[in-house]
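What follows is calculated from the coordinates using simple rules that are stated; it is not laboratory data. Everything quoted here is computed from the prediction, not taken from an experiment. Cβ: placed from backbone, ideal geometry, glycine included. Neighbour counts: every protein chain shown.
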Amino acid sequence: MLRADDENVMPWVEKYRPDSVFSPNFINQELIIKNLQFYANNPEKNMPHLLFSGPPGTGKTTAAIALAHDVLKDKYRPDTVLELNASDERGIDVVRGKIKNFTSMQEFLDVPFKIVILDEADSITRDAQSAMRRVIEIASQNVRFILMCNYADEIIDPIKSRCAIMRFKPLSPEHVKKHLKGIAQKEGFEISDDCIDAVIFVGQGDMRKSINALQMATSVIEVHEQLNPSIVYELEGFADPLKIKDIITFLTASSNNKKDRDDSFKKLLAIFKDLKGISSKNLILQIFKEIVKLSALNTKQKANLIDVLSSIDFRITVKATDEIQYSVLAATLWELLKPGNKIT
Ligand SMILES: Nc1ncnc2c1ncn2[C@@H]1O[C@H](COP(=O)(O)OP(=O)(O)OP(=O)(O)O)[C@@H](O)[C@H]1O
Ligand SMILES: [Mg+2]
């Protein structure tokens, strides 16, 4: 019978989550990790309260839990660590209840300090944050807070000033690549560089997304025995990059002949129609990434195009119909890029 803790049934994001700040598998946050290693080695040397901020899937929760384990070792228990996810418990009651109870208990525990790990702290209401600053202050003798958030701007200044802020950066493609290759190898899969690159692209610096995409891709290998980048993109709701290339080719084909241009506009619309079902956010991101690479366009043209993309992106976000917006996108890009249209 399979057990929930059986390594083989664990999602890879959990199986390959580094469990110590000294783990060689902790990648790409060198400066932060060096600091955390220092605190892990010298907890009694006044480890401050910590605030980890940064984009999703870059190692904040992983680092917080790993550090708490490194500091407390075998004394990591419910009476020494309070783990809370603030998106479930965002109100002032939690601060006055659970957090205050935990921090005010003065029992002898034989640990350097107790730890409160508060994930998604940016979703805590302002009132609750205000109440928390007092709790943090009173508890500082025997408790350390590790707060995590995506946006440090959402945290009130008095809390920020009580914490050392560590800003996690999006993971670089090179580091993610090395990490994913290591995972594929440990799992016994051969996966081409092209496919790994696709997995990295769909992750956009978010390791959680990339590892999940890798795990999904390898299940395709198990079932169909072959994998190509287009499948990876499709599985993750991105357009086949070859189609994006076609879009750019039609957009920039500089014919002055009316019939040629009418033909290629029709083809352009057909490609967009075919892309229905692809996440529009992803599609716009992919077109954006190609457009900024175009050497034939000057900066002003690129700025105009990006402006168009961002307004279409906004309209789709507020639930305008994809199909109509794609037609608007095709027509606007077409107009902007037609030969002889001098945007200077
Ligand atoms: N720097 C890293 N090195 C190695 N693996 C990482 C790193 N960052 C993230 N991961 C992997 O991605 C998964 C998700 O990471 P984690 O939960 O720490 O992200 P997070 O920064 O807390 O994201 P969120 O803002 O969404 O909460 C981890 O289980 C781990 O496998
Ligand atoms: Mg997290």
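Points worth noting:
- In region 199-256, GluC sites (Glu not before Pro) in a DSSP loop with at most 15 other beta-carbon atoms within 10 Å: GLU225
- In this Cβ point-charge picture (+1 for Lys and Arg, -1 for Asp and Glu), the chain has a dipole of about 1220 debye about its Cα centre.
- Between 0 and 90°, nearest 10: helix 258-274 axis offset from the chain longest Cα axis: 30
- Relative to the longest principal axis of the Cα atoms of the chain, helix 280-293 runs at roughly 70 degrees.
- Its relative contact order, with pairs defined as Cα atoms under 8 Å and 6+ residues apart, puts region 7-167 at 31 percent.
- Checked against a 23 Å cut-off, the cross-linked pairs LYS245/LYS276; LYS245/LYS267; LYS34/LYS209; LYS177/LYS209; LYS75/LYS98; LYS243/LYS273 give Cα-Cα distances beyond that limit for LYS34/LYS209.
- Across every direction, the projection of the convex hull enclosing the Cα atoms of the chain has a mean area of 22.2 nm².
- Comparing mean-square fluctuations of VAL95, VAL220, VAL292 from a GNM of the chain with C-alpha springs under 10 Å, the top value falls on VAL292.
- In the chain, the longest principal axis of the Cα atoms and the axis of helix 60-72 are about 20 degrees apart.
- Using C-alpha pairs under 8 Å with a sequence gap of at least 6, the mean separation divided by the residue count of the chain gives a relative contact order of 15 percent.
- Per residue Cα convex hull volume in Å³ - calculated over region 74-169: 103
- Using the alpha carbons alone, the radius of gyration of region 19-70 stands to its Kirkwood radius in an Rg to Rh ratio of 0.93.
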